[in-house]
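Just so you know, all these numbers are worked out from the coordinates, no wet-lab data involved. The shown structure was predicted, so the numbers you read here are calculated from the model rather than taken from an experiment. In this analysis, Cβ positions are derived from the backbone assuming ideal geometry, glycine residues included, and neighbour counts consider all displayed protein chains.
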Amino acid sequence: LAKTTQPISMDSYEGQEVNITCSHNNIATNDYITWYQQFPSQGPRFIIQGYKTKVTNEVASLFIPADRKSSTLSLPRVSLSDTAVYYCLVENTGTASKLTFGTGTRLQVTL
Amino acid sequence: DTAVSQTPKYLVTQMGNDKSIKCEQNLGHDTMYWYKQDSKKFLKIMFSYNNKELIINETVPNRFSPKSPDKAHLNLHINSLELGDSAVYFCASSQGRLAGELFFGEGSRLTVL
């Protein structure tokens, strides 16, 4: 399983764009990159998934360079309610998925 | 309507007791999971069932026994509870056995005294 590495924590002010980078040097050809968000006392919630280049939805954008050894989750104009832990996962679509969660990045948004 | 629901949400019990946590999903998904999140917030998969068939069984003490009566339910029974079992247990589901988007329940916080 490809291991992921991401910063333990990040701080931001409300209204700023936040970029969280995840390293996955051992990513395999069949692996997809998925990001989840977890609020305190709740289960993780799916944010976005991608394979290569750029994916955008109503919540975030995901940038994946050509070598796919890293990915960046971009949150535009964060608000206080975006304070949460963000997990980067690498999932192999060729086998029964184990979806191993790493330590995540704790994002703290303040005024 | 709650998509993935777990009961109970909180559970406090003594060492050595046996307890169960129930999970139900109304999404029509084929695959369900149990995850354990410890005090350091690491989220580790324990089990996965696809259409009532066990497909993932991580290195978990055999005191933990999952049971899936149908594809909408996955229960977790824990025998002889130990202090180290204290954690938040999350149930999740997905369409198909390759995960894709996981839908998590709100968690069941187990405290073993």
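The table for this structure:
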read-out	value
Violating pairs (Cα-Cα greater than 26 angstrom) within the set B:22/B:44; B:40/B:71; A:52/B:40	B:40/B:71; A:52/B:40
Cβ-based charge dipole, chain B, positive-most Cα from B:25, B:111, B:8	B:111
Chain B: Cα Rg divided by the 2.2 N^0.38 Å rule of thumb	0.99
Spin-label model distance (nm) - residue A:28 vs residue B:41, 7 Å beyond Cα toward Cβ	2.9 nm
Largest-first principal axis extents, alpha carbons of the protein assembly as shown, Å	48, 40, 33
Relative contact order (%) - criterion: Cα under 8 Å, at least six apart; region: segment B:4-112	37 percent
Cβ-derived FRET efficiency at R0 22 Å, residue A:46 paired with residue A:5, nearest 0.05	0.60
Compactness of segment A:9-110 as Cα Rg over 2.2 N^0.38 Å, two decimals	1.05
